[in-house]
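Heads up: the structure comes next, in structure tokens.
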Amino acid sequence: MTHEIHRVVDFEKVAPFTLRVQFEDGTRQIIDFRPVLEGELFGPLRDPSVFDQVRLDPEAHTLVWPNGADFDPAMLYNWPETGPKLRALAATWTVAAK
């Protein structure tokens, strides 16, 4: 099994909790992160003031937040396929936290 390697090169906020993410090959994804903001690591990002602290890590080439949350660039690149899977997983984080 191979793991795709992608790099995030830029992003911009286009709506609350939604970013337009640009990759090294010029492709872009518009990602609404709200459905996956659950659990101990990603849950704090539901606070807009925390979510808006997102930055581009120059070494990992992905989006990172001050609390240590980040997403694999390949996951972001393939969001139409990986987003629903992560959403289903995030639902289990909510149940486990209760």
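Throughout, read-outs are computed from the coordinates displayed, never taken from laboratory work. Here the structure is a predicted model, which means the values were calculated and not measured. Positions of Cβ are generated from backbone atoms using ideal geometry, with glycine treated the same way; all protein chains shown enter the neighbour counts.
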Requested in this report: For segment 52-59, just list the computed ³J(HN,Hα) in residue order, Karplus coefficients 6.51, -1.76 and 1.60, θ = phi - 60°, integers in Hz, with x standing in for Gly and Pro.
Outcome: 6, 8, 4, 8, 9, 7, x, 8
Query - Charge dipole magnitude, Cβ of K and R +1, D and E -1 - the chain, Cα centre, debye nearest 20 - result: 380
Requested in this report: Please list the non-local residues whose amide H lies under 5 Å from the amide H of VAL8, H modeled 1.01 Å from N, same-chain partners needing a gap of 5 or more.
Outcome: THR62
Report summary line: HN-Hα couplings for segment 9-17 via Karplus (6.51, -1.76, 1.60; θ = phi - 60°), in whole Hz with x for Gly/Pro, come out as 10, 6, 7, 8, 6, 10, 6, x, 6
Report task. Starting at the first residue of segment 18-27, write each ³J(HN,Hα) from the Karplus equation 6.51 cos²θ - 1.76 cosθ + 1.60 with θ = phi - 60°, in whole Hz, x for Gly and Pro. Result -> 10, 10, 9, 10, 10, 10, 4, 8, x, 6
Report task. Can you tell me the 0 to 90 degree angle between the C-alpha axis of helix 79-97 and the longest principal axis of the chain, rounded to 10? Result -> 20
Report task. Report the label-to-label distance for ILE5 and GLN53 in nanometres (one decimal), using points 7 Å from each Cα along the Cα→Cβ vector. Result -> 3.1
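Under 1.5 on a/c is rounded, so check that first for segment 43-98, then, if it is not, pick prolate when a/b is larger than b/c and oblate when it is not; a ≥ b ≥ c are the square roots of the alpha carbon gyration tensor eigenvalues.
Values: a/c = 2.33, a/b = 1.19, b/c = 1.96.
In terms of gyration-tensor shape, oblate.
Over the chain, what is the relative contact order in percent, taking alpha-carbon pairs closer than 8 angstrom and at least six residues apart? Don't skip to the end; give the middle numbers.
On the way: 141 pairs, mean separation 25.9, N = 98.
Result for the chain is 26 percent.
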